[in-house]
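The values are calculated or read from the model by the stated rules, or taken from the named source; none is laboratory data. Bear in mind the structure is a predicted one, so any value in this text is a computation, not a measurement. Glycine gets a Cβ as well: all are built from the backbone with ideal geometry, and neighbour counts include every protein chain shown.
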(Lines give C-alpha, C1' and ligand atoms only; values in the text may rest on other atoms or scores of the structure.)
Protein backbone atom coordinates (compact mmCIF):
# COMPACT_ATOMS: atom_id res chain seq x y z
CA UNK A 1 0.00 0.00 0.00
CA UNK A 2 1.23 3.51 -0.80
CA UNK A 3 0.76 6.54 1.38
CA UNK A 4 -0.17 9.99 0.11
CA UNK A 5 3.50 10.73 -0.66
CA UNK A 6 3.67 7.71 -2.93
CA UNK A 7 5.91 5.65 -0.64
CA UNK A 8 5.06 2.17 0.47
CA UNK A 9 3.99 1.64 4.06
CA UNK A 10 5.29 -1.72 5.27
CA UNK A 11 3.85 -2.88 8.55
CA UNK A 12 5.53 -5.41 10.84
CA UNK A 13 4.16 -8.91 11.25
CA UNK A 14 1.08 -8.93 13.43
CA UNK A 15 -0.12 -5.52 12.27
CA UNK A 16 -1.86 -4.03 9.26
CA UNK A 17 -1.87 -0.73 7.36
CA UNK A 18 -4.70 1.71 8.02
CA UNK A 19 -5.56 4.98 6.28
CA UNK A 20 -6.59 7.81 8.60
CA UNK A 21 -10.10 9.15 8.04
CA UNK A 22 -11.79 12.31 9.25
CA UNK A 23 -12.48 12.14 13.00
CA UNK A 24 -10.02 9.33 13.73
CA UNK A 25 -8.06 9.40 16.98
CA UNK A 26 -5.54 6.86 18.26
CA UNK A 27 -7.78 6.22 21.26
CA UNK A 28 -10.73 5.29 19.02
CA UNK A 29 -8.57 3.14 16.75
CA UNK A 30 -7.09 1.33 19.74
CA UNK A 31 -10.54 0.52 21.11
CA UNK A 32 -11.91 -0.65 17.76
CA UNK A 33 -8.93 -2.91 17.14
CA UNK A 34 -8.51 -4.29 20.66
CA UNK A 35 -5.10 -2.73 21.17
CA UNK A 36 -3.67 0.27 23.03
CA UNK A 37 -2.58 3.77 22.06
CA UNK A 38 0.91 2.94 23.32
CA UNK A 39 1.13 -0.16 21.08
CA UNK A 40 0.11 1.87 18.02
CA UNK A 41 2.70 4.54 18.80
CA UNK A 42 5.47 1.95 19.30
CA UNK A 43 5.13 0.61 15.74
CA UNK A 44 4.70 4.09 14.26
CA UNK A 45 7.81 5.98 15.45
CA UNK A 46 7.52 9.70 14.96
CA UNK A 47 3.70 9.70 14.76
CA UNK A 48 2.05 12.78 16.26
CA UNK A 49 -1.16 11.57 17.98
CA UNK A 50 -2.44 15.14 18.17
CA UNK A 51 -1.97 15.84 14.46
CA UNK A 52 -3.21 12.85 12.47
CA UNK A 53 -3.63 13.69 8.80
CA UNK A 54 -6.51 12.49 6.66
CA UNK A 55 -5.03 10.01 4.18
CA UNK A 56 -2.02 9.28 6.41
CA UNK A 57 -1.20 5.55 6.54
CA UNK A 58 -0.22 4.04 9.88
CA UNK A 59 0.31 0.51 11.18
CA UNK A 60 -2.13 -0.91 13.72
CA UNK A 61 -1.28 -4.00 15.80
CA UNK A 62 -3.78 -6.80 15.50
CA UNK A 63 -5.51 -7.35 18.82
CA UNK A 64 -5.59 -10.94 20.02
CA UNK A 65 -7.76 -10.58 23.09
CA UNK A 66 -10.14 -7.82 24.14
CA UNK A 67 -8.48 -5.19 26.31
CA UNK A 68 -9.16 -5.63 30.02
CA UNK A 69 -12.04 -3.59 31.37
CA UNK A 70 -10.79 -0.82 33.66
CA UNK A 71 -11.76 -1.07 37.29
CA UNK A 72 -12.60 1.76 39.64
CA UNK A 73 -13.65 0.12 42.92
CA UNK A 74 -13.29 3.17 45.17
CA UNK A 75 -14.31 5.92 42.76
CA UNK A 76 -16.30 6.53 39.61
CA UNK A 77 -15.73 6.82 35.88
CA UNK A 78 -15.53 10.16 34.09
CA UNK A 79 -15.71 10.60 30.31
CA UNK A 80 -13.18 13.11 29.00
CA UNK A 81 -14.75 16.23 27.49
CA UNK A 82 -13.21 19.07 25.49
CA UNK A 83 -10.97 21.17 27.72
CA UNK A 84 -10.45 18.50 30.38
CA UNK A 85 -6.99 18.19 31.93
CA UNK A 86 -5.93 16.10 34.90
CA UNK A 87 -5.31 19.29 36.87
CA UNK A 88 -8.82 20.60 36.16
CA UNK A 89 -10.33 17.22 37.04
CA UNK A 90 -8.34 17.11 40.28
CA UNK A 91 -9.75 20.52 41.22
CA UNK A 92 -13.27 19.59 40.15
CA UNK A 93 -13.43 16.33 42.09
CA UNK A 94 -11.15 17.15 45.03
CA UNK A 95 -8.52 14.50 44.35
CA UNK A 96 -4.83 14.87 43.51
CA UNK A 97 -3.39 14.54 40.00
CA UNK A 98 -1.07 11.79 41.27
CA UNK A 99 -4.04 9.81 42.61
CA UNK A 100 -5.79 10.02 39.23
CA UNK A 101 -2.63 8.85 37.44
CA UNK A 102 -2.20 5.92 39.86
CA UNK A 103 -5.82 4.88 39.30
CA UNK A 104 -5.32 4.87 35.53
CA UNK A 105 -2.15 2.90 34.72
CA UNK A 106 -0.89 3.63 31.21
CA UNK A 107 -2.73 6.96 30.95
CA UNK A 108 -0.91 9.74 29.13
CA UNK A 109 -1.74 12.89 31.14
CA UNK A 110 -0.58 15.06 28.25
CA UNK A 111 -2.73 13.35 25.65
CA UNK A 112 -6.24 12.85 27.01
CA UNK A 113 -8.68 11.82 24.29
CA UNK A 114 -12.24 13.15 24.07
CA UNK A 115 -14.53 10.22 24.89
CA UNK A 116 -11.86 8.40 26.90
CA UNK A 117 -13.14 6.98 30.22
CA UNK A 118 -10.92 7.37 33.24
CA UNK A 119 -11.28 6.50 36.90
CA UNK A 120 -11.60 9.29 39.46
CA UNK A 121 -10.45 7.56 42.67
CA UNK A 122 -11.61 8.04 46.20
CA UNK A 123 -14.00 10.82 45.29
CA UNK A 124 -17.72 11.35 45.26
CA UNK A 125 -19.37 12.95 42.23
CA UNK A 126 -20.27 16.52 43.09
CA UNK A 127 -23.87 17.01 44.07
CA UNK A 128 -25.82 19.23 41.71
CA UNK A 129 -27.42 22.29 43.26
CA UNK A 130 -31.11 21.85 43.85
CA UNK A 131 -32.52 25.01 45.40
CA UNK A 132 -36.11 24.48 44.25
CA UNK A 133 -36.39 20.72 44.44
CA UNK A 134 -34.98 17.66 46.16
CA UNK A 135 -32.29 15.06 45.58
CA UNK A 136 -33.16 11.61 44.25
CA UNK A 137 -30.93 8.52 43.99
CA UNK A 138 -31.24 6.54 40.74
CA UNK A 139 -32.49 2.97 41.15
CA UNK A 140 -32.53 0.03 38.72
CA UNK A 141 -35.05 0.64 35.94
CA UNK A 142 -35.23 4.42 36.39
CA UNK A 143 -35.47 6.61 33.31
CA UNK A 144 -35.99 10.36 33.11
CA UNK A 145 -39.40 9.75 31.55
CA UNK A 146 -40.49 7.53 34.43
CA UNK A 147 -39.18 10.04 36.95
CA UNK A 148 -40.98 12.86 35.16
CA UNK A 149 -44.24 10.90 35.45
CA UNK A 150 -43.58 9.95 39.05
CA UNK A 151 -42.83 13.49 40.23
CA UNK A 152 -45.06 15.44 37.82
CA UNK A 153 -42.23 17.41 36.23
CA UNK A 154 -41.07 17.60 32.62
CA UNK A 155 -38.08 15.63 31.34
CA UNK A 156 -36.62 18.88 29.99
CA UNK A 157 -36.88 20.46 33.43
CA UNK A 158 -35.00 17.54 35.02
CA UNK A 159 -32.27 17.85 32.38
CA UNK A 160 -31.97 21.61 32.96
CA UNK A 161 -31.68 21.02 36.72
CA UNK A 162 -28.80 18.57 36.16
CA UNK A 163 -26.28 20.14 33.74
CA UNK A 164 -24.12 17.52 32.07
CA UNK A 165 -26.46 14.61 32.83
CA UNK A 166 -26.63 11.94 30.11
CA UNK A 167 -30.32 10.92 29.99
CA UNK A 168 -29.39 7.71 28.18
CA UNK A 169 -26.78 6.60 30.72
CA UNK A 170 -28.25 7.00 34.19
CA UNK A 171 -26.14 5.17 36.78
CA UNK A 172 -27.61 3.23 39.70
CA UNK A 173 -26.67 5.20 42.82
CA UNK A 174 -26.30 8.46 40.88
CA UNK A 175 -27.83 11.44 42.67
CA UNK A 176 -29.84 13.91 40.63
CA UNK A 177 -32.00 16.93 41.36
CA UNK A 178 -35.76 16.66 40.86
CA UNK A 179 -36.92 20.27 40.38
CA UNK A 180 -40.18 21.78 41.51
CA UNK A 181 -41.32 19.20 44.04
CA UNK A 182 -44.99 18.87 44.80
CA UNK A 183 -46.08 22.05 46.56
CA UNK A 184 -47.78 20.97 49.78
CA UNK A 185 -51.15 22.47 50.55
CA UNK A 186 -52.07 22.64 54.24
CA UNK A 187 -52.81 20.64 56.19
CA UNK A 188 -49.79 18.40 55.55
CA UNK A 189 -47.43 16.58 57.90
CA UNK A 190 -44.05 18.20 58.57
CA UNK A 191 -41.28 16.57 56.56
CA UNK A 192 -37.89 17.90 57.72
CA UNK A 193 -35.92 14.75 56.80
CA UNK A 194 -37.67 13.70 53.61
CA UNK A 195 -39.74 14.98 50.72
CA UNK A 196 -43.39 15.33 49.83
CA UNK A 197 -45.19 12.93 47.51
CA UNK A 198 -48.65 13.21 45.92
CA UNK A 199 -50.66 10.00 46.13
CA UNK A 200 -51.62 8.56 42.73
CA UNK A 201 -54.28 6.06 41.67
CA UNK A 202 -53.45 2.58 42.96
CA UNK A 203 -50.94 3.75 45.55
CA UNK A 204 -50.65 1.94 48.87
CA UNK A 205 -48.18 2.49 51.68
CA UNK A 206 -46.64 -0.88 50.83
CA UNK A 207 -46.22 0.04 47.16
CA UNK A 208 -44.80 3.44 48.08
CA UNK A 209 -42.38 1.82 50.54
CA UNK A 210 -41.10 -0.48 47.79
CA UNK A 211 -40.82 2.41 45.34
CA UNK A 212 -38.70 4.60 47.62
CA UNK A 213 -36.87 1.93 49.62
CA UNK A 214 -38.28 2.92 53.00
CA UNK A 215 -40.33 0.81 55.42
CA UNK A 216 -44.10 1.07 55.79
CA UNK A 217 -43.64 1.77 59.52
CA UNK A 218 -41.33 4.70 58.73
CA UNK A 219 -43.91 6.19 56.37
CA UNK A 220 -46.67 5.76 58.96
CA UNK A 221 -44.54 7.44 61.65
CA UNK A 222 -43.78 10.35 59.30
CA UNK A 223 -47.50 10.87 58.59
CA UNK A 224 -49.34 10.83 61.93
CA UNK A 225 -53.11 10.89 61.58
CA UNK A 226 -53.14 9.57 58.00
CA UNK A 227 -55.18 6.39 57.51
CA UNK A 228 -53.06 4.09 55.28
CA UNK A 229 -56.23 2.27 54.23
CA UNK A 230 -57.93 5.42 52.96
CA UNK A 231 -55.37 7.21 50.84
CA UNK A 232 -56.81 9.85 48.54
CA UNK A 233 -55.55 10.62 45.03
CA UNK A 234 -53.64 13.91 45.25
CA UNK A 235 -53.15 13.60 49.01
CA UNK A 236 -49.74 14.88 50.11
CA UNK A 237 -47.68 12.62 52.33
CA UNK A 238 -44.13 12.74 53.65
CA UNK A 239 -41.57 10.18 52.42
CA UNK A 240 -38.83 10.00 55.09
CA UNK A 241 -35.25 9.51 53.96
CA UNK A 242 -33.77 8.14 57.17
request  = Go through the residues of region 79-102 one by one and say whether even a single one is under 30 Å from residue 240 (Cα atoms), surrounded by 13 or more Cβ atoms within 10 Å (Cβ to Cβ), in contact with a helix residue (DSSP H, G or I) (Cβ under 7 Å, 6 or more places away or on another chain) and at pLDDT 75 or above.
outcome  = no
Within region 72-95, considering residues that are free of Cβ contacts under 8 Å to residues at least 40 places away in the same chain and closer than 13 Å to residue 119 by Cα, the one nearest to the chain's Cα centre (by Cα) = 79
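Each row is one residue, and each column tells you yes or no for (1) under 14 Å from the mean Cα position of the chain (by Cα); (2) surrounded by 14 or more Cβ atoms within 10 Å (Cβ to Cβ); (3) more than 30 Å from residue 236 (Cα to Cα).
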{"position": "111", "(1), (2), (3)": "no, yes, yes"}
{"position": "132", "(1), (2), (3)": "no, no, no"}
{"position": "135", "(1), (2), (3)": "no, no, no"}
{"position": "157", "(1), (2), (3)": "no, yes, no"}
{"position": "174", "(1), (2), (3)": "yes, yes, no"}
{"position": "177", "(1), (2), (3)": "no, yes, no"}
